[in-house]
Amino acid sequence: MDIKRVKDYIHWLYYQYLLITCSYVLEPWERSMFHTITVTVFAMVVYTAYVFVPIHVRLAFEFFSQIFGGQPESMV
């Protein structure tokens, strides 16, 4: 891909983000605060999913394997 096309595509994505969030009408300092809060919330969601989702999936798997006839770990 051409570097200019990649740059234009990223600019287009950013413009779409501004339109969807309606942050294009904010002043520059308000926009920077909005972006900071948005990135912080997104980072916390990703971190929480990374830490806690595998634990819950493992516990759910153990629960359903016991219900559907799996052997308990003490028997194995």
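The values are calculated or read from the model by the stated rules, or taken from the named source; none is laboratory data. Everything numeric in this text was worked out from a predicted model, so none of it was measured. Backbone-built Cβ (ideal geometry, glycine too); neighbour counts: all protein chains shown. Areas reflect the complete protein model, heavy atoms only, side chains present, ligands, DNA and RNA absent. Shrake-Rupley method; radii C 1.70, N 1.55, O 1.52, S 1.80 Å.
Inclusion of Val6 among residues that are in a helix (DSSP H, G or I) and surrounded by 10 or more Cβ atoms within 10 Å (Cβ to Cβ) is warranted. In region 35-63, the residues that are in a helix (DSSP H, G or I) reach residues that are open to solvent by less than 70 Å² (accessible area, probe 1.4 Å) with C-beta atoms within less than 9 angstrom, at least six apart or across chains, in these pairs: His35/Ser23; Thr38/Thr21; Thr38/Ser23; Glu62/Gly70.
Take the conditions (1) exposed (fewer than 10 other Cβ atoms within 10 Å of the Cβ); (2) part of a helix (DSSP H, G or I); (3) modelled with pLDDT under 95; Val76 misses just one of them, which is (2).
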